[in-house]
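Undergrad: Mind having a look at this structure? Questions to follow.
None of the figures in this text is laboratory data; all of them are computed from the coordinates on show. Model, not experiment: these values are computed from the prediction. Positions of Cβ are backbone-derived with ideal geometry, glycine not excepted, and every protein chain shown enters the neighbour counts.
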Amino acid sequence: MGLAEACCRFSPQLAVGDRALFMEIGACRRLYSEESLHQRLQVVLRRFEMSARIACADDVPTSLALAMYNQTSKDQLPIEAIQCYSTPFNIRSDTLAKAVQVFRKLGVVSIADFVKLRTKGLVRRFGKEGLLVRHYLEGAAQLPWPRFVPPEHLVEGVDLQEGAVAMDLEQMIFYLKAVVDRALLRVRGQGRLISGLALRIEQERHKQVGEPMRIWNIDLAFPQGSALATLSILRERLDRDLQRFPLESAVQRIEVEVTRSVQGRSRQHDLFTNKEKELESFQSVVSRLTEKLGFHKAFLAAPHESHLPERCWRKTLGEVGEFKVLAPPRPLRVLRQPQAVRRIDNFLVCGRRRWKVAAIRGPERLSGDWWFGDRERDYYRIEAETGEELWVFTFAGSDEHYLHGLFD
Amino acid sequence: MNAVKAERFAALRAQIHAQYHQREVFLCSAVTQGVPRGAITAIAGVGKTELAVRLIAENPTFRVAWIEEHLSIFPLALLQRGVGLNRVLFIDAGPDLAWSALQVLKAQIFPVVVIYAADLDLNTLRRVQLAAETANSACIWLADEPKNLWPISLQLQSIRVDGELAITTLKSA
């Protein structure tokens, strides 16, 4: 099933048989050649640690027969191949076994000999199945494809058997790499990208092990299609957590479940510019940063329509459009919480800091959302003798001063 | 023997000097020699943020990472000074400031990395310097006080006189 999901990227028409995976690639000839598909399939098979024979033909049974009997042309196929023509999606060894024996006795040893037989005789001796095989062989009838439905939950895992030991992060990453690789192949096959995943690590159960199953739920800031980027995020997280809570015993199973995915395809790299590559790196580094620091700790800033400094921009990771600020120059530093300042003669005092006022400019009146109870503020630019410039406000009709920013 | 050694040292110094001067720089109207890429530039004093923003505004094609321990930069003020916000990644790093800086430099997609931290220890600074060199990024450290630490290539002190920035070069390696 996993292999079929990974192969969805090559063709949307797939069928899973009990011994084979079928892909309709007739309409994809302009996208790739048979040779390149062959090579790409070999790579996918290697990642799933599988081996298979690959054959291309004009119809489903012939492709199956060519792969099963390792031949390149229909005429070279032995008579046993008629079973492939009977029920290619679900081969039953007993269906035409007797017929094959009879054919062998009669000297019909290959498909080429079988095709030469008269149709009338076939029906009389082998019934409708014999006729059906003949029809499929001649291409007179088309087989209906069973619909392939990918499973709802995408889970990839590896069991660490005897001899395969994972006691620390490096050993675990070695096995995890293959698992993540397969999970991403499956997700990408469905034209999706990972935006959230759960990593489960099962340890050997014995008395000293308090928590044999360790689970990490990871949300990604940007959907990922690259195994390398996803693995580096997992590595960071595991490294951090395992330093605080190390593994208690040997790992038995590593499992990755894709909990959230979004529609999207990995971008194709441009030959002449590295724009796509740069974007991928940007998304990867932001994902790593947000994974460690917190979700809104690495962001782009988008302007928002509000007069109040604390509400006039928002954190985003999407596109930031053009915006023109018509307000007077704002300070480069704005405090998270305005700090109360005292005005003593010609001095402003804030905690242990003291500024001698050289000049005052303002006020600039800013009003917020009155329906939320925001009060109007009068902002002043206060120049200190040291050269520093402070952004101080008072509430309209009040004498209290608050330091809100610095022209640093 | 000593004369030979001295000659060799002189040659070596000349080589290092030549290498430094071959280094790419970001041009900035306020800094005559420009801000070197692949090195740390420390700016201290009143107006240090203004100077860093001016450098970013005058080099409008590059992506910037702006890292602070407790974020206090006001993005709209950057926009007012001609910096497009779609190219600045803000990072509120908290105690992981050094880690964040290294991650950003290792990504090698940020030609300018601004770090606002009161203090950075020598080890961190050395690691940041090496990462900046590999990434060929201009790493700008905004500090309250000037620090005489050897990984810093260019040390600038800014003051504001009559509303205008005055820059003094304290160290230029």
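Undergrad: Step by step: first the residues of segment B:53-75, then only those that are of a type outside the set (Phe, Trp, Tyr) and under 24 Å from B:Asp162 (Cα atoms), then the one that is surrounded by the most Cβ atoms within 10 Å (Cβ to Cβ). Which residue is that? Working first, answer last.
TA: If we filter segment B:53-75 for residues that are of a type outside the set (Phe, Trp, Tyr), which is where we start, we get B:53-61, B:63-65, B:67-73, B:75.
Right, trim to under 24 Å from B:Asp162 (Cα atoms) and you get B:53-58, B:73.
Numbers: B:Val53: 23, B:Arg54: 19, B:Leu55: 26, B:Ile56: 24, B:Ala57: 15, B:Glu58: 14, B:Ile73: 23.
Residue satisfying both the conditions and the ranking: B:Leu55.
Undergrad: While we're looking at this one, here's another question. Output the number of residues of segment B:1-55 satisfying the condition of being part of a strand (DSSP E or B) and of a type in the set (S, T, N, Q).
TA: From segment B:1-55, those part of a strand (DSSP E or B) are B:25-28, B:31-36, B:39-45; that's our starting set.
Applying the additional criterion that residues be of a type in the set (S, T, N, Q) yields B:32-33, B:41.
Residues that pass the stated criteria total 3.
Undergrad: So, in segment A:342-359, how many residues would count as being over 55 Å from the mean Cα position of the chain (by Cα) and of a type in the set (Phe, Trp, Tyr)?
TA: Within segment A:342-359, residues that are over 55 Å from the mean Cα position of the chain (by Cα) and of a type in the set (Phe, Trp, Tyr) number 1.
Undergrad: Another question, then. Looking at A:Glu364, A:Glu319, A:Glu310, which is the one that is within 49 Å of the chain's Cα centre (by Cα) and either more than 8 Å from chain B (Cβ to nearest Cβ) or β-branched (Val, Ile, Thr) (or both)?
TA: A:Glu310
Undergrad: Then there's this: Of the conditions (1) surrounded by 17 or more Cβ atoms within 10 Å (Cβ to Cβ); (2) in contact (Cβ under 8 Å) with a residue 12 or more places away in the chain; (3) in contact with a helix residue (DSSP H, G or I) (Cβ under 7 Å, 6 or more places away or on another chain), B:Gln108 clears all except one; give me its number.
TA: Of the numbered conditions (1) surrounded by 17 or more Cβ atoms within 10 Å (Cβ to Cβ); (2) in contact (Cβ under 8 Å) with a residue 12 or more places away in the chain; (3) in contact with a helix residue (DSSP H, G or I) (Cβ under 7 Å, 6 or more places away or on another chain), the odd one out for B:Gln108 is (1).
Undergrad: Considering segment A:11-27 alone, what residues qualify as being without any contact (Cβ under 8 Å) to a residue 60 or more places away in the chain and closer than 20 Å to A:Arg192 by Cα?
TA: A:Ser11, A:Pro12, A:Met23
Undergrad: Here are the criteria: (1) more than 14 Å from the chain's Cα centre (by Cα); (2) surrounded by 10 or more Cβ atoms within 10 Å (Cβ to Cβ); (3) within 30 Å of A:Ala302 (Cα to Cα). Tell me which single one B:Glu50 does not satisfy.
TA: Going through (1) more than 14 Å from the chain's Cα centre (by Cα); (2) surrounded by 10 or more Cβ atoms within 10 Å (Cβ to Cβ); (3) within 30 Å of A:Ala302 (Cα to Cα) one by one, B:Glu50 breaks only (1).
Undergrad: Could I ask something else about it? Before we move on, is A:Leu300 more than 30 Å from A:Glu364 (Cα to Cα), of a type outside the set (Asp, Glu) and touching a strand residue (DSSP E or B) at 6+ places or on another chain (Cβ under 9 Å)?
TA: It is false that A:Leu300 is more than 30 Å from A:Glu364 (Cα to Cα), of a type outside the set (Asp, Glu) and touching a strand residue (DSSP E or B) at 6+ places or on another chain (Cβ under 9 Å).
Undergrad: Kindly establish whether A:Arg9 is touching an Asp or Glu at 6+ places or on another chain (Cβ under 7 Å), farther than 25 Å from A:Gly139 by Cβ and surrounded by 15 or more Cβ atoms within 10 Å (Cβ to Cβ).
TA: no
Undergrad: Kindly check whether there is at least one residue in segment A:228-246 that is of a type in the set (Asp, Glu), surrounded by 13 or more Cβ atoms within 10 Å (Cβ to Cβ), under 27 Å from A:Arg188 (Cα atoms) and within 17 Å of the chain's Cα centre (by Cα).
TA: Checked against the condition, which is being of a type in the set (Asp, Glu), surrounded by 13 or more Cβ atoms within 10 Å (Cβ to Cβ), under 27 Å from A:Arg188 (Cα atoms) and within 17 Å of the chain's Cα centre (by Cα), segment A:228-246 yields no hits at all.
Undergrad: Still on this structure: What do you reckon, is A:Leu231 aliphatic (A, V, I, L, M), without any contact (Cβ under 8 Å) to a residue 40 or more places away in the chain and either within 14 Å of chain B (Cβ to nearest Cβ) or under 18 Å from A:Ala198 (Cα atoms) (or both)?
TA: Here the answer is no, as A:Leu231 does not meet what is asked.
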